[in-house]
Amino acid sequence: MDDDSVYVGNAGVDAPLDRGWLLGHFKEAGDPRHSEAVEIKWGIHPPGDTRAEWVRGERRTALLVLISGRFRVELPGRSVLLSRQGDYVVWGRGVDHSWVAEEESVVLTVRWPSVPGYAVAEPQEPVTSQA
């Protein structure tokens, strides 16, 4: 077996390296975690953490499973509270969404297909000049 076709890791260690994402189109080609078929995220969210903006024009299907905590998913005209380990919600293409962690939460998200264009821009660091 080719060692390059196997990756062994820990979600808690690897997730912070790529904003929680463990697998998807955004991993380098040749990495076993590269996929255009599916994306997987191990999300660790402090209390009050919220998505910076709603996802609009969704082109993917998503499954979000609560591992621990209390996590609210906001959908058009509906709010879904995940409060017991294993609670989950699935939404399809065309469903706008957002979320908020009501308590420290860990959630596993699976989305398909893996397509670019949904990342929220990282906040810019202020530019300071040195005299």
Using a Gaussian network model of the chain with C-alpha springs under 10 Å, which one of Glu102, Glu36, Glu53 is most mobile by mean-square fluctuation?
Glu53
Return the carbon/sulfur percentage of the accessible area of region 1-40, one whole number, probe 1.4 Å, all protein chains in place.
54 percent
Using modelled amide H (1.01 Å from N, peptide plane; none on Pro or chain starts), what sits under 5 Å from the amide H of Val38, excluding residues fewer than 5 places away?
Ser114
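Is the C-alpha gyration tensor of the chain telling us rounded, prolate or oblate? Criteria: a/c under 1.5 is rounded; beyond that, a/b larger than b/c is prolate, otherwise oblate. Please list the in-between numbers first.
Working: a/c = 1.44, a/b = 1.11, b/c = 1.30.
Since a/c stays below 1.5, the shape of the chain is classed as rounded.
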Net charge near Val80, counting Lys/Arg +1 and Asp/Glu -1 over other residues with Cβ under 13 Å of its Cβ?
+1
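How much area per residue is accessible in the chain when the probe is 1.4 Å and only protein heavy atoms are counted (Å²)? Intermediate values should be presented prior to the final figure.
On the way: 8280 Å² over 131 residues.
So the chain comes to 63 Å² accessible per residue, rounded to a whole number.
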Could you check which residue among Gly20, Gly43, Gly30 shows the biggest mean-square fluctuation in a GNM of the chain with a 10 Å Cα cutoff?
Gly30
Residue by residue through region 54-65, what is 3J(HN,Hα) from phi via Karplus (6.51 cos²θ - 1.76 cosθ + 1.60, θ = phi - 60°)? Round to whole Hz and write x for glycine and proline.
5, 7, 10, x, 4, 10, 10, 9, 9, 10, 10, 10
Two-site label geometry, Val90 and His34: point separation in nm, points 7 Å out along Cα→Cβ:
3.0 nm
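The values are calculated or read from the model by the stated rules, or taken from the named source; none is laboratory data. Here the structure is a predicted model, which means the values were calculated and not measured. Cβ: placed from backbone, ideal geometry, glycine included. Neighbour counts: every protein chain shown. Calculation scope for accessible area: heavy atoms of the full protein, side chains included, ligands and nucleic acids excluded. Shrake-Rupley method; radii C 1.70, N 1.55, O 1.52, S 1.80 Å.
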